[in-house]
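Working notes for the structure below.
The values are calculated or read from the model by the stated rules, or taken from the named source; none is laboratory data. Note that the structure is predicted; figures quoted are calculated from it, not measured. Using ideal geometry, Cβ is built from the backbone for each residue, glycine included, and neighbour counts are taken over all protein chains shown. Surface accessibility is based on the protein's heavy atoms, side chains included, excluding ligands, DNA and RNA. Shrake-Rupley method; radii C 1.70, N 1.55, O 1.52, S 1.80 Å.
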Amino acid sequence: MSTSTTTRRPDDEGRGGERRSGSALGFWAGAGTVFQLESRQRMRSRGWYVMLAVWFVVTALVAGLAAWTAGSEEGFGQVMFELVIGFVLFFGLLVAPALSANTITGDRAGGTLAILQNTLLTPGQILCGKWLAAWVSSLAFLLVSVPMIIWAMTYGDVYLPAVPVLVLLTAVELGIACAIGVGISARSARPLFAIVASYLVVALLGLGTVIIYGLSFQLVKGTAMASEQIWPDDPWDDVQYNDQGEAVDAHGEVIEDQEAYFAEIEEKAVMNYDGQDFTCGKSLSRITVYHTERNTWLLAANPFVVVADAAPVKPRAAADDYYGEGPMEAVSSIVRQSQRGAAAMDPCLDGVKQPVVDETDLAGTAPLWPLGLGVQVVLAAGLLESGRRRLRTPVKKLARGSRLA
Amino acid sequence: MGIQETQYDGGAPARTPEAGTGVVAIGLARSFGTVRAVEAMDFTARPGEVTALIGPNGSGKTTLLLMLSSLLAPDSGSISICGINPVDDPRAARARLGWMPDTLGVWEELTVHEILAMMGRLYGASKADAAARAHELLKLVKLDEFASRPARVLSRGQQQKLSLARALVNDPQVLLLDEPASGLDPGARIELRTLLRELAGRGRTVVVSSHVLAELDEMADRAVFVAAGRTVSEQRVDDAGTRGRRYAIEALDREALTDALEHAGIEFTLPAGTRRAAAVVLLGSEAEAAALLRQLVAAGVAVVAFAPAAGILEESYLRAVTTSSDPSTRPTPAEEPRP
């Protein structure tokens with residue numbers, strides 16, 4: 001038996017990163033090794049491939065059913081594409097906490113965390129490596145869904161500028177869910193607690209925001225005085241009728257060819273139609289309005305809102321052309337409508353004419369997703385930081401019921 | 001008992017290694033909530049020696065090792081690992097430390113070689129260096145045939161060897177081993193002993209905690225005894241022979257033996273429940289033992305066995321543990337020592 005021959009010189013390695021106290025493990029070298037440890041473990045477990053296969057089958061079923069329902073209808077590609085994205089986001093949010101919340105509590109229970117902590121790794125490197133490993137794993141689910149996205153794109157009407165944005169933001173949302181899971185995992189002593197807590201926080205974003213938004217309607221309830229809309233130069237208003245219900249001319253004579261006359265009026269009406277060209281009547285009546293412009297921000301941190309709201313929307317030919325609107329675009333337009341608030345609820349409030357806006361026209365509403373993404377990043381970063389404090393050694397205060405090794 | 005031993009109640013250790021080498025811990029205390037795992041421990045381990053850490057279950061051995069390994073901060077007291085305070089600069093201490101925990105943690109899906117190579121990289125080694133070092137260590141602990149097998153197929157003893165190899169990955173100056181021999185077969189125990197002696201011979205500081213005292217007799221240069229969260233005594237294993245030791249004497253005729261002992265004026269006990277005619281006596285030194293044996297033979301007692309009743313460390317251990325658990329000899333802070 002002979003012992004080692006290699007002597008380690010502390011400053012041989014390590015570019016960049018922390019160089020405190022002569023130790024020689026660069027930040028990315030350390031985080032990268034943790035990443036490798038995690039990924040290799042995962043890549044070699046059978047369960048992982050079973051999960052990916054199940055995922056592939058389920059997304060293929062969803063896309064296939066959608067395609068079958070729509071037949072070969074034109075303009076369906078966008079709907080199918082957004083459906084796949086929404087689905088990947090929904091199930092990704094279910095998978096990400098499971099992938100990430102056990103990474104550190106599992107190591108704690110298995111006795112490997114203390115071994116990592118006893119090397120030159122800093123808590124930040126451990127967290128970073130584990131987070132990246134969980135994120136990359138969750139991106140594998142997005143990757144497996146790519147065939148369905150391509151399938152949707154073969155319909156030819158997918159609005160291309162929206163594709164990279166939707167895919168990228170979905171990936172970012174999965175990263176945030178993983179960060180939440182890893183942060184909570186570092187904080188908790190028991191694997192089960194970490195997984196449940198991570199699910200609850202992700203559910204708070206996905207479902208909780210919608211519930212809170214719904215409940216807050218009571219707080220933004222108000223009344224407004226509405227009046228009727230008057231369309232002054234509607235040619236139909238000038239048409240006069242006799243007692244028999246026949247149209248008459250200015251002299252009270254019955255017009256001979258009623259049908260031709262009505263057709264003429266109708267043509268004039270359509271030609272002159274202008275949605276903005278009305279005035280508000282003088283008689284007011286009290287109506288209930290909801291000032292959703294005050295509570296829409298509650299929806300901001302919802303992952304679906306963030307992804308949908310960030311995507312550019314296909315320009316429409318006409319204001320009321322909803323054809324081919326996918327689920328993500330629908331989410332976005334609901335949110336924008338809600339942002340406009342009470343003013344958009346009635347065209348005549350307090351006898352004052354409100355500007356009529358087309359639902360898909362985003363002008364005049366501020367994008368909500370930067371706020372939402374910001375809230376999510378702050379939440380995830382806060383959890384990671386509090387987890388990092390928990391991983392610091394030598395441990396001063398040991399959490400109840402947890403042990404080091 | 002009439003035997004001199006260093007008794008500790010929080011004072012400085014009798015002999016400390018040169019500044020900047022080995023392990024020195026003074027006045028350590030650590031509680032977990034209301035449980036006071038370590039109350040007052042001093043611990044010294046010198047380079048070039050194997051120091052045994054001995055104590056009953058729950059005496060605070062593992063807590064002490066966690067503090068020495070820079071994972072746990074003491075509530076009070078100071079630690080020096082090669083002159084570095086692990087609380088102030090844990091990374092510098094870890095570069096010089098190898099720690100083998102009492103729990104076995106392995107990355108089950110990774111191969112044995114991968115685990116060691118990854119660990120090497122976590123100490124800043126390059127990919128090639130870490131891989132070479134991993135091979136070297138696997139040979140050293142005789143796990144090379146398992147290099148490409150996943151860690152989950154290893155037996156407990158093999159995992160123990162892997163854990164030892166892992167602790168050696170950064171070629172540490174200070175090696176802290178918590179129960180390294182548990183789960184090892186007799187052959188592997190002998191290998192472990194040889195390896196640790198060799199490391200000590202190369203100037204490393206080796207600390208071993210164990211329950212298997214007979215094994216430490218052969219391996220350790222010094223022993224530190226702990227009980228109920230306190231260091232109760234510290235001694236060199238070579239010196240242990242000069243301290244009180246119990247000998248078991250067997251003779252063909254029991255009465256002849258007891259008569260001769262009474263005649264010699266030596267106190268003895270006759271352990272109940274043994275088939276043989278044996279007496280146990282407490283003797284101050286090996287010279288005394290030799291004299292007694294000569295006397296017995298001269299008196300015509302047919303002696304068939306005359307040997308230490310237990311291993312050196314077992315002897316010291318029993319003495320240390322019984323002394324510390326006897327409330328009258330444990331100083332309590334509220335009480336002034338009796339004049």
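For the range B:287-296, the Karplus equation 6.51 cos²θ - 1.76 cosθ + 1.60, evaluated at θ = phi - 60°, returns couplings of 4, 4, 5, 4, 5, 5, 4, 4, 4, 5 Hz by residue, with Gly and Pro reported as x. Summed over both chains, the accessible area lost when A and B associate is about 4600 Å², using a 1.4 Å probe. When Rg and the Kirkwood radius Rh are both evaluated on Cα atoms of the range B:110-166, their ratio Rg/Rh stands at 0.94. Taking all protein chains as shown and a probe of 1.4 angstrom, A:Val352 keeps an accessible surface of around 80 Å².
Legend: residues A:Tyr155, B:Tyr123, sorted from most to least accessible area (1.4 Å probe; ligands, DNA and RNA excluded), read A:Tyr155, B:Tyr123.
Overall, the accessible surface of the range B:89-169 at a probe of 1.4 angstrom is composed of carbon and sulfur to the extent of 48 percent. Listed as lacking a disulfide-compatible partner in the protein assembly as shown: A:Cys128, A:Cys178, B:Cys82, by the criterion of no other cysteine Cβ under 4.7 Å. Across peptide A:35-47, the average count of Cβ atoms from other chains found within 10 Å of a residue's Cβ is 3. Residues of the range B:40-75 that bury at least 50 Å² of accessible area once all protein chains are present, compared with their chain alone (1.4 Å probe, heavy atoms only, ligands and nucleic acids left out), are B:Leu71. Three principal axis extents of the protein assembly as shown based on alpha-carbon atoms, in descending order, are 161, 58, 51 Å. Contact residues in the range B:114-130 (at least 40 Å² less accessible area with all protein chains than alone, 1.4 Å probe): B:Glu114, B:Met118, B:Arg121, B:Leu122, B:Tyr123, B:Gly124. Legend: residues A:Met345, A:Met80, sorted from most to least accessible area (1.4 Å probe; ligands, DNA and RNA excluded), read A:Met345, A:Met80.
Taking amide H positions as modeled 1.01 Å from N, with prolines and chain starts lacking one, the residues under 5 Å from A:Ile230 and 5 or more places away or on another chain are A:Thr279, A:Cys280, A:Gly281.
Solvent-accessible area per residue in the range B:110-166 equals 37 Å², computed with a 1.4 angstrom probe and all protein chains kept. B:Arg319 contributes an accessible area of around 20 Å² to the protein surface, as traced by a 1.4 Å probe with all chains present. Given a 1.4 Å probe and the protein chains as shown, A:Phe76 ends up with an accessible area of around 30 Å².
When you restrict to C-alpha pairs under 8 Å that are six or more residues apart and normalise by the size of chain A, the relative contact order lands at 21 percent.
Based on the alpha-carbon gyration tensor of chain A and its eigenvalue square roots a ≥ b ≥ c, which shape applies: rounded if a/c is under 1.5, prolate if not and a/b is larger than b/c, or oblate? Note, shape of chain A comes out prolate.
Would you mind estimating how fast the range B:245-311 diffuses translationally, via Stokes-Einstein at 20 °C and 1.002 mPa s with the Kirkwood radius over Cα pairs, in µm²/s?
Value of D from the Cα-based Kirkwood radius: 183 µm²/s.
Phi angles across the range B:253-263 convert, under the Karplus curve 6.51 cos²θ - 1.76 cosθ + 1.60 with θ = phi - 60°, into 3J(HN,Hα) values of 10, 5, 5, 4, 5, 5, 4, 5, 5, 4, 4 Hz, Gly and Pro given as x. 3J(HN,Hα) along the range A:280-295, derived from phi through the Karplus expression 6.51 cos²θ - 1.76 cosθ + 1.60 where θ = phi - 60°, amounts to 9, x, 8, 7, 9, 10, 7, 10, 8, 10, 10, 7, 5, 5, 8, 10 Hz, with x in place of Gly and Pro. Looking at the protein assembly as shown, the DSSP beta bridges with both ends there are about 70 percent antiparallel. Remark: relative contact order (the range B:245-311) = 53 percent; criterion is Cα-Cα distance under 8 angstrom and separation of 6 or more residues. With the helix formula -39500 (n - 2.57) applied to DSSP H stretches of n ≥ 4, chain A reaches a computed 222 nm mean residue ellipticity of -17500 deg cm²/dmol. Distance between the C-alpha centres of the range B:120-143 and the range B:92-116: 11 Å, rounded to the whole angstrom. Can you tell which of A:Phe90, A:Leu299, B:Thr44 lies farthest toward the positive end of the dipole of the protein assembly as shown, using +1 and -1 charges on the Cβ of basic and acidic side chains (Lys, Arg; Asp, Glu)? After comparing all options, I get B:Thr44.
Using the Cα gyration tensor of the range A:107-233, with a ≥ b ≥ c the square roots of its eigenvalues, what is the shape: rounded (a/c below 1.5), prolate (a/b larger than b/c) or oblate (neither)?
Taking the square roots of the gyration eigenvalues as a ≥ b ≥ c, the range A:107-233 is oblate.
Determine, from the Cβ-Cβ distance of A:Ala343 and A:Val270 and an R0 of 35 Å, the FRET efficiency 1/(1 + (r/R0)^6), rounded to the nearest 0.05.
0.80
Between the amide H of A:Val395 and those of B:Leu72, B:Ala73, distances stay under 5 Å, these residues lying 5 or more places away or on another chain, with hydrogens modeled in the peptide plane. Measuring with a 1.4 Å probe in the full set of protein chains, what accessible area per residue, in whole Å², belongs to chain A? About 50 Å² of surface per residue is accessible.
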